[in-house]
Amino acid sequence: MGYTITLDRYGKELTKPTPYIHHLIGRKKEIDQIEQILSKSGESNVVIVGEEGVGKQTIIEELAKRIYYGQTIGPLVYKRMILVMMESILSEHVDQNQKEELFRQVFSEAADAGNIILVIREIDRYVSREVGRIDLSSVIEPFAKTNTIQCIGITTSFLYQKYLYPNEKIRRIFQKIDVASVSTEQALQILMDAAHTFEKKFNVILPYETLQAIVERSEYYITYIPFPEKAIELLDEICATISHDKKPGSLSIIQPSMVDTVLSQKIHVPTTLSEDTKQKLNTLESVLSGEIIDQEEAIQKTTSTLRRSFLLINKRKKPFASLLFLGPTGVGKTQTAKTIAQFFFGSEKHLYRFDMSSYQSKDDIPLLIGSIDKNQPGLLAQSIRNNPYGVLLLDELEKANKDLLNIFLTIIDEGYFTDGFGKPVDCKNLIIIATSNAASDKIYQDLSGQKQQQADGWLINYLISEKIYSPEFLNRFDQVILYKPLEKESIFKIAQKDVRTIEQTIQKLYHIKITVSNEFLTKLIDQGYDRKFGARNLERLIHDHIEDTIAKLILEKKVQEGGSITL
């Protein structure tokens, strides 16, 4: 061994006595592979690839422990494993050549010493010329090819494919070791191993059933972090919460029910079917019928689908429910989604609406899922991560790019999608509603007077035959629902409902009584209503001929507080 003055300045010794509290569980295969590669006579380098939280750092620590105590393969016994502090090296100089020279000096000292294993975290950042990265391949390659030094790089699967794999000279001399998330059985073993430490720290008792519940709930609800980290993180949060609420010095038993309580607070998603939700499911049909006029069959199908889906809470790997609303514009499809968001989740803020006509090109897809090249989070990914519990509304689905439809197919089928940064976005706690105006003209021409069941089958067959949607895409939805065209009687009911809202609003704000006669409404509909545009055309009529008239009379002071307006 030799002196490593520069390396010691820019490195952290990993092979030293450490109070290792936990045991490494389920990683023997990976460590054995790493030891074998590091023991080769040349190009003995490893890149450990796995998502954040799978235990890559724990593997490094276990290997360092084995090396320190002489419990590893002969050529590695008593070597020094040093973590290179890359940021310290790169921040020392501004000039690229000076950075490379300092980095070369660190590697040179390690090679001369002859007993060094270098560890480089986020190695993907140092082998590419892309924006925000630096390419030090020309320094790493000649040293890593020799038998005087071993290197261990650490990165994620997505970043390996994007930055290391295209770099042929680095890929060739660094052998890839994949580290996957541990199984639920192994996660439970790890939790049992760690439980004693948490019991002592927080003065609590952790029954086996509670640890089981933590593993089960974290597997289903915490998808952005892999095992074992997500289970340990949830255990820590539960213990901290219970410890904060109990009397100082008292001993508490953490029951499985407490897992659901803390987890719901953490992710803002209910993990059990509450009495409040049950009550809402029982009254949803009457609520929707009060808001959506003359779409009884569509409402009945929607509510029955939601009831079935919510009964499977914690069991479905798919979203809460996925519904495709078909029908012409202005018949209540979007209004149904708004009413569900308001009724179930308390506010339309829990409705995330995306107009698919804005995403017709393949180049538009990164706007939704994100782009690592532009370092931009996707609008869809960001909305769902910020509010994982609500209604995702995809308006005019038929206008979306075909590649985007494949992403939605994954969401509906698997309950997640992968964003532009290679990270999963959990969609299991969403009600997904897609609306489509496809074949609207056909609906008016051929479906008038048909029974709903006949119309449903005819329309689906037409959409498939015209290649608007594929059978596998339509079959992924829990329910495909047809909203029928509105007749004049239905339009009159909607107009009455809208006018009542205007009357109540003006009365409340200005204390002026508004009266709109049925004759006035009938005449308005007869003269200006176009059936093909549904209730949206009606909204414009009411706006132009009722709201504007009332506004002018009030602004021109032709009617005073306490007065009345009759149309």
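The values are calculated or read from the model by the stated rules, or taken from the named source; none is laboratory data. Just so you know, these numbers come straight off a predicted model, no measurement behind them. Cβ coordinates were reconstructed from backbone atoms using ideal geometry, including for glycine residues, and neighbour counts include every protein chain displayed.
Considering only residues that are polar (S, T, N, Q) and part of a helix (DSSP H, G or I), which ones fall in the range 398-420?
Asn406, Thr410
Please pick out the residue among Leu102, Leu63 that is closer than 30 Å to Tyr224 by Cα and either among the hydrophobic types (A, V, I, L, M, F, W, C) or in a loop (DSSP other than H, G, I, E, B) (or both).
Only one candidate passes the filter, namely Leu63.
Is it the case that the range 88-97 has a residue that's outside any helix (DSSP H, G or I), in contact with a helix residue (DSSP H, G or I) (Cβ under 8 Å, 6 or more places away or on another chain), surrounded by fewer than 19 Cβ atoms within 10 Å (Cβ to Cβ) and in the same structural domain as Lys40 (by TED's automatic domain parsing)?
Step one: list which residues in the range 88-97 are outside any helix (DSSP H, G or I), which gives 91-95.
Narrowing further to those that are in contact with a helix residue (DSSP H, G or I) (Cβ under 8 Å, 6 or more places away or on another chain): 92-93.
From what's left, surrounded by fewer than 19 Cβ atoms within 10 Å (Cβ to Cβ): 92-93.
Pick out the ones that are also in the same structural domain as Lys40 (by TED's automatic domain parsing) and you get 92-93.
Within the range 88-97 (the criterion being outside any helix (DSSP H, G or I), in contact with a helix residue (DSSP H, G or I) (Cβ under 8 Å, 6 or more places away or on another chain), surrounded by fewer than 19 Cβ atoms within 10 Å (Cβ to Cβ) and in the same structural domain as Lys40 (by TED's automatic domain parsing)), the answer is yes, since at least one residue qualifies.
Select, from Lys230, Lys280, the only residue that is surrounded by 15 or more Cβ atoms within 10 Å (Cβ to Cβ), over 22 Å from the mean Cα position of the chain (by Cα) and part of a helix (DSSP H, G or I).
Going through Lys230, Lys280 in turn, the sole match is Lys280.
Assess whether Glu52 counts as being surrounded by fewer than 16 Cβ atoms within 10 Å (Cβ to Cβ) and at pLDDT 95 or above.
Considered against the rule, which asks whether it is surrounded by fewer than 16 Cβ atoms within 10 Å (Cβ to Cβ) and at pLDDT 95 or above, Glu52 comes out as no.
If you scan the range 108-126, which residues turn out to be surrounded by fewer than 23 Cβ atoms within 10 Å (Cβ to Cβ) and under 14 Å from Thr148 (Cβ atoms)?
Selection gives Ser108, Glu109, Ala111, Asp112, Ala113, Gly114, Asn115.
Taking Val139 as the residue in question, decide whether it is touching a Ser or Thr at 6+ places or on another chain (Cβ under 9 Å) and among the β-branched types (Val, Ile, Thr).
no
Kindly indicate the residue of the range 289-328 that is surrounded by fewer than 18 Cβ atoms within 10 Å (Cβ to Cβ) and of a type in the set (S, T, N, Q) and also nearest to Asp260 (Cα to Cα) among those meeting that condition.
Only one residue tops the list, namely Asn314.
Looking at (1) touching a strand residue (DSSP E or B) at 6+ places or on another chain (Cβ under 6 Å); (2) outside any loop (DSSP other than H, G, I, E, B), which one does Pro319 not meet, given that it meets all the others?
(2)
Rundown of residues vs (1) out of contact with any Leu (no Cβ under 8 Å at 6 or more places or on another chain); (2) in the same structural domain as Glu62 (by TED's automatic domain parsing); (3) more than 20 Å from Ile67 (Cβ to Cβ); (4) without any contact (Cβ under 8 Å) to a residue 12 or more places away in the chain, yes/no style:
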site: Leu83; (1), (2), (3), (4): no, yes, no, no
site: Phe107; (1), (2), (3), (4): no, yes, no, no
site: Glu130; (1), (2), (3), (4): yes, yes, yes, no
site: Leu136; (1), (2), (3), (4): yes, yes, yes, no
site: Ala144; (1), (2), (3), (4): yes, yes, no, no
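Scanning the range 166-212 for residues that are among the polar types (S, T, N, Q) and in a helix (DSSP H, G or I), which turns out surrounded by the most Cβ atoms within 10 Å (Cβ to Cβ)?
Thr210
Being surrounded by fewer than 18 Cβ atoms within 10 Å (Cβ to Cβ) and under 27 Å from Ile443 (Cα atoms) is the filter here, so list the residues in the range 499-524 that pass it.
Residues satisfying the conditions are Thr522, Lys523.
What residue, of Glu472, Glu519, is in the same structural domain as Ile299 (by TED's automatic domain parsing) and not basic (Lys, Arg)?
Glu472
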